[in-house]
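Encoded as structure tokens, the structure appears first; notes follow it.
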Amino acid sequence: MDTQSTSHHPGGMPRLVTATRVASLVGPLVDRGDAPAYSRLADALRQVIADGRIPQGTRLPSERDLTGPVGLSRTTVTRAYAELREQGYVLTRRGSGSVARVPDVPGGRVDHLLAPSSLGDDGRVLDLTCTAQGAPSGLVEAYQRALEQLPTYLQGTGYYPSGLPALRERIAARFTARGLPTDADQVLVTAGALAAVATACGPLVGRRAPVLVESPTYPNVVAALQGAGARLVAHPLDHLTQDWDVPGLAAAVRASGARAAYLIPDFHNPTGALMDDGQRAEVARVLRGAGVVAVIDESLVDLSLEGQEMPGPLGAHLPTAVTVGSASKSLWGGLRVGWLRAPRGRVDEFASSRLRLDLGAPVMEQLVVTHLLDRYDEILAERRAHLREGRDALVAGLSRHLPDWRVRVPAGGMALWCALPSPGSTALAVAARSHGVVLAAGPAFAPAGGMDGWVRLPYSLPADQLAGVPERLAAAWDDVVRGRVRPGLAGARRIIA
Ligand SMILES: Cc1ncc(COP(=O)(O)O)c(C=O)c1O
């Protein structure tokens, strides 16, 4: 975003975009076919609004001001704005001008599993069940570039069960640059990290096989491991520090005879904990000594929020480990692209396991991810700034409205893992619904039950929405404390991310 030609309010979001800036964003309209000029302008504007280059809520220049910079008549610009209004991309209110917006998804904002069901006092629901952000700016452009490249793929069958070579190269190069030397043929591109974990289960998880998992952990992997027949062995993270307890982990491995483990060392979901270098070496020593093969989930690894130097990959200490990653958290969940890095010598086993689940990720989305990786640093800077603002707004509000909740501020990731002053997370999730907040209660993250004294609060929504959450949660918690809640429905909710 060109900060010279936009003004910013204190939260950092651009609120105004100048006519010259709009003209440069839409580019030369002569390149856009021979549709009428108003329709070419409307198309171009729709694109830059849809992909976030003019963020939602930005005030657009008046129709009159735009005529000069785009070189079109007032009537033409007026028709373009009218078309955008009709399509839901521009909202015009008397006295406050025209504002860019993105229309609602037809049929609802999200899938039925995610759509929240109750409204708050102001008629809005804040869905805090999902650690995921909207798409980054420039996504539509990346699709356009992918579309331009698509013809070169059309002669082939379109089946790439291990992934597009160009993307596998990029992913391998990132591992290598982070200290885990990787060849492209060790990388399998999957439909997201969860699919990568499911692929890893094939060779690693036998019926009734004990598999070590952190407690708490990411619930959908618990379901995937159980679906593969695993018997879960919980390794509780330290109650106070939310850190890995290496002697405890060693004891759990010894007692259970586990030969596989699933770990999230980088901004763990739900706690946000980051395993430091020393712990990585120690955890690896324990696992290697006991012959445990680790599945290491790096889905959140690129979401450090303090500009800190990241520890090297845990997989660099564990030659037998499988490392999975994802475009979902740092790019966009809608791409459905993730990956698995197999150890040399076991690539074929994992490639065969994958074929039992599906036959590859879509070509278009793999091309899109390849293009987005060209701008990865820029996108990450944007993602991190958004998350940092969200985290800080939520933490500030909690310390004001719920000072007796214990909150450890994570150095990265997408959620706070809050200790409640007394158990009541399930009741809180029920109560929060009538205050317009949808929550996932602590027990959802507990592979061995319990954890009703904890609640996960994602901070991936925009900061201005999150700022209102603690007050609603305080009202809900008050309902819990005063016994005004009939527990019941909260457990029915499924978690996606
Ligand atoms: C630790 C972890 N692994 C995997 C996933 C799922 O990722 P994907 O969308 O790539 O399947 C998530 C999503 O929240 C996650 O937090």
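The values are calculated or read from the model by the stated rules, or taken from the named source; none is laboratory data. Because the structure is a prediction, the values reported are computed rather than measured. When we count neighbours, we look across all protein chains shown, and the Cβ atoms used for this are built from the backbone with ideal geometry, even at glycine. Just the protein is used for accessible areas: all its heavy atoms, side chains included, with ligands, DNA and RNA removed. Shrake-Rupley method; radii C 1.70, N 1.55, O 1.52, S 1.80 Å.
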- [ ] Report the residue count in the range 274-304 for those that are part of a helix (DSSP H, G or I) and crowded, with 18+ Cβ neighbours inside 10 Å.
- [x] 7
Open item on the list: Go through (1) in contact with a Leu (Cβ under 8 Å, 6 or more places away or on another chain); (2) of a type outside the set (Phe, Trp, Tyr); (3) not in a helix (DSSP H, G or I) for Gly390 and report which single condition fails.
Closed with: (3)
Open item on the list: For the range 361-393, which positions are among the acidic types (Asp, Glu) and closer than 22 Å to Gly413 by Cβ?
Closed with: Asp377, Glu378, Glu382, Glu389, Asp392
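Considering only residues that are more than 16 Å from the ligand (Cβ to nearest atom), in a loop (DSSP other than H, G, I, E, B) and in contact with a strand residue (DSSP E or B) (Cβ under 7 Å, 6 or more places away or on another chain), which ones fall in the range 412-425? Break it down stepwise before answering.
The first filter runs over the range 412-425 and keeps only residues more than 16 Å from the ligand (Cβ to nearest atom), leaving 418-425.
When the remaining residues are screened for being in a loop (DSSP other than H, G, I, E, B), the result is 420-424.
Of everything in the range 412-425, just one residue is more than 16 Å from the ligand (Cβ to nearest atom), in a loop (DSSP other than H, G, I, E, B) and in contact with a strand residue (DSSP E or B) (Cβ under 7 Å, 6 or more places away or on another chain), namely Leu420.
Only one of Glu169, Glu214 is in contact (Cβ under 8 Å) with a residue 40 or more places away in the chain and among the charged types (D, E, K, R); which?
Sole residue among the options that is in contact (Cβ under 8 Å) with a residue 40 or more places away in the chain and among the charged types (D, E, K, R): Glu214.
Tell me, which residue of the range 77-134 that is within 16 Å of the ligand (Cβ to nearest atom) and of a type in the set (Ser, Thr, Tyr) is modelled with the highest pLDDT?
Only one residue fits best here, namely Thr131.
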TODO: Could you please tell me which pairs satisfy a Cβ distance under 6 Å, a separation of 6+ or placement on different chains, a first residue in the range 474-497 that is modelled with pLDDT of 60 or more and within 16 Å of the ligand (Cβ to nearest atom), and a second residue that is in a helix (DSSP H, G or I) and open to solvent by less than 60 Å² (accessible area, probe 1.4 Å)?
DONE: Ile495/Pro219; Ile495/Ala444
- [ ] State whether one or more residues within the range 351-368 are touching a residue at least 60 places away in the same chain (Cβ under 8 Å), within 19 Å of Arg174 (Cα to Cα), away from the ligand (no atom under 16 Å from the Cβ) and part of a helix (DSSP H, G or I).
- [x] yes
Task: Gly179 vs. criteria part of a loop (DSSP other than H, G, I, E, B), under 23 Å from Asp377 (Cα atoms) and assigned by TED's automatic domain parsing to the domain that holds Leu340 - done: yes
TODO: Give me a count of the residues in the range 431-457 that are over 19 Å from Val480 (Cα atoms), open to solvent by 20 Å² or more (accessible area, probe 1.4 Å) and either within 16 Å of the ligand (Cβ to nearest atom) or in contact with a Phe, Trp or Tyr (Cβ under 7 Å, 6 or more places away or on another chain) (or both).
DONE: 1
TODO: Could you tell me whether Ala166 is buried (at least 22 other Cβ atoms within 10 Å of the Cβ) and more than 30 Å from Val102 (Cα to Cα)?
DONE: no
TODO: Give the range 402-430 a look and list any residue that's open to solvent by 40 Å² or more (accessible area, probe 1.4 Å), out of contact with any Gly (no Cβ under 8 Å at 6 or more places or on another chain) and not β-branched (Val, Ile, Thr), or say none.
DONE: Pro403, Asp404, Arg406, Pro421
Task: Scan of the range 217-237 for residues that are more than 15 Å from the ligand (Cβ to nearest atom) and either within 11 Å of Ala446 (Cα to Cα) or in a strand (DSSP E or B) (or both), ordered by number - done: Arg231, Leu232, Val233, Ala234, His235, Pro236
- [ ] Select from the range 198-257 the residues that are within 25 Å of the chain's Cα centre (by Cα) and of a type in the set (Val, Ile, Thr) and write down the one among them that is farthest from Ser352 (Cα to Cα).
- [x] Thr241
Task: Among (1) of a type in the set (A, V, I, L, M); (2) surrounded by fewer than 20 Cβ atoms within 10 Å (Cβ to Cβ); (3) modelled with pLDDT under 95 - the single one Ala396 does not satisfy - done: (3)
Task: Matching entry among Pro270, Pro362 (being at pLDDT 95 or above and open to solvent by less than 20 Å² (accessible area, probe 1.4 Å)) - done: Pro270
Open item on the list: Whether any residue in the range 219-239 is within 23 Å of Pro319 (Cβ to Cβ), free of Cβ contacts under 8 Å to residues at least 60 places away in the same chain and polar (S, T, N, Q) is what I want to check.
Closed with: no
Open item on the list: For the range 176-216: of the residues being over 30 Å from Asp238 (Cα atoms) and hydroxyl-bearing (Ser, Thr, Tyr), which is nearest to the ligand (Cβ to nearest atom)?
Closed with: Thr190
